[in-house]
Amino acid sequence: MHTTLITAETLQALLNSSLPPRVFDCSFDLTDPAKGRAQYEEQHIPGARHADLNLHLSAHGADASEGRHPLPSRGQFAGWLGGTGLTPDQQVVVYDRQGANYCGRLWWMLKWVGHEAVAVLDGGLPAWLATGAPTESGTGPAAIPATDYPLRDALVKTIDTATLVKRIGQPTLTLVDARASARFRGEMEPLDPVAGHIPGALNRPFSDNLLPDGRFKPAEVLQAEFKTLLAGRDVQGVVHQCGSGVSAIPNLLAMELAGLGRTTLYPGSWSAWCNTPGTPRAKS
């Protein structure tokens, strides 16, 4: 079972085995929501299906206080998984072209409904292409008969805005914000109505987890970097956030790769926080 990362070479071997994994292409662009689907149709790993952040991995019509990409209910998400024909015993591999920014969302959401056998393709589509492996174009594979995907206990932890408000300032809480440093400092804000960050948060842009070729840094490097960032704070108290709960997940995954455990996600993140009246905000 592959539960964190998988290499392009290993994925090739599994796709040629008697029990091939289910593969999802999660390519997306926040500034051009149709672009990810277009990229997928132009070129994708053979047999991969497209999972769209807006259409498949977020709730629709939610209040702004739930954030820009609120989670659907676990039941709604399980219904979508069943519609793709997924069964709970299948290995899943997810990838994108954007540094694990969007495929991490599906990796985390599968664990959220109890599916542990899911891994991120290390290096994404560029790593696959670098091996000389084949790709295909078009709208995707033929439909598979739908299944009744069963909900199981969540394998990940979350925190909501109301609970986080009560914990702000407590020594047992350490927020790690994955947004770019200029957004964290409040110098600019291209997506949300308020600039700044949650008071007390530490900043680690999600791209800091990656090597120049887009693969994750070695575990020992990630461990050293997170220990430096946390500066003695309890790992169990770490809560990851970003703008809308998406780009925080590479930080969460990196901590797991580093042997620091599976930490907590604040799904609403800054977009929910800054749209909730009365929440404190900081700039620095």
**Request:** Residue by residue through region 41-62, note down the ones that are assigned to a loop (DSSP other than H, G, I, E, B), in contact with a strand residue (DSSP E or B) (Cβ under 8 Å, 6 or more places away or on another chain) and more than 16 Å from L30 (Cβ to Cβ).
**Result:** Q43, I45, P46, G47, A48
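Rundown of residues vs (1) at positive phi; (2) touching a His at 6+ places or on another chain (Cβ under 7 Å); (3) of a type in the set (A, V, I, L, M), yes/no style:
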position	(1), (2), (3)
F184	no, yes, no
A195	no, no, yes
P205	no, no, no
G232	yes, no, no
G237	no, no, no
L257	no, no, yes
W273	no, no, no
G278	yes, no, no
**Message:** So S27 passes all but one of these: (1) under 18 Å from the mean Cα position of the chain (by Cα); (2) modelled with pLDDT under 95; (3) of a type in the set (S, T, Y). Which condition number does it fail?
**Reply:** (2)
**Prompt:** For residues in region 157-206 being among the charged types (D, E, K, R) and under 20 Å from L253 (Cβ atoms), which is surrounded by the most Cβ atoms within 10 Å (Cβ to Cβ)?
**Reply:** D177
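Which ones in region 156-171 are of a type in the set (V, I, T) and over 28 Å from S207 (Cβ atoms)? Spell out the reasoning first.
Going through region 156-171, the residues of a type in the set (V, I, T) turn out to be 156, 158-159, 161, 163, 165, 168.
Scanning region 156-171 gives T163, V165.
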**Request:** Could you tell me which of the residues E189, E256 is closer than 21 Å to W107 by Cα and not assigned by TED's automatic domain parsing to the domain that holds N101?
**Result:** E256
**Tally of residues being over 22 Å from R167 (Cβ atoms) and not in a helix (DSSP H, G or I) across region 248-277** = 2
**Complete:** For region 15-48, the count of residues that are surrounded by 19 or more Cβ atoms within 10 Å (Cβ to Cβ) and either in contact with a Phe, Trp or Tyr (Cβ under 8 Å, 6 or more places away or on another chain) or of a type in the set (S, T, Y) (or both) equals 10
**Prompt:** Which residues, taken from region 130-170, are outside any loop (DSSP other than H, G, I, E, B) and without any contact (Cβ under 8 Å) to a residue 40 or more places away in the chain?
**Reply:** A162, T163, K166, R167
**Prompt:** Cβ-Cβ below 6 Å, separation at least six or inter-chain, first residue in region 43-62 and outside the structural domain of L11 (by TED's automatic domain parsing), second in a loop (DSSP other than H, G, I, E, B): which pairs?
**Reply:** none
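The values are calculated or read from the model by the stated rules, or taken from the named source; none is laboratory data. This is a predicted model, so every value here is computed, not measured. Counting neighbours? That spans all protein chains shown, and the Cβs are built from the backbone with ideal geometry, glycine included.
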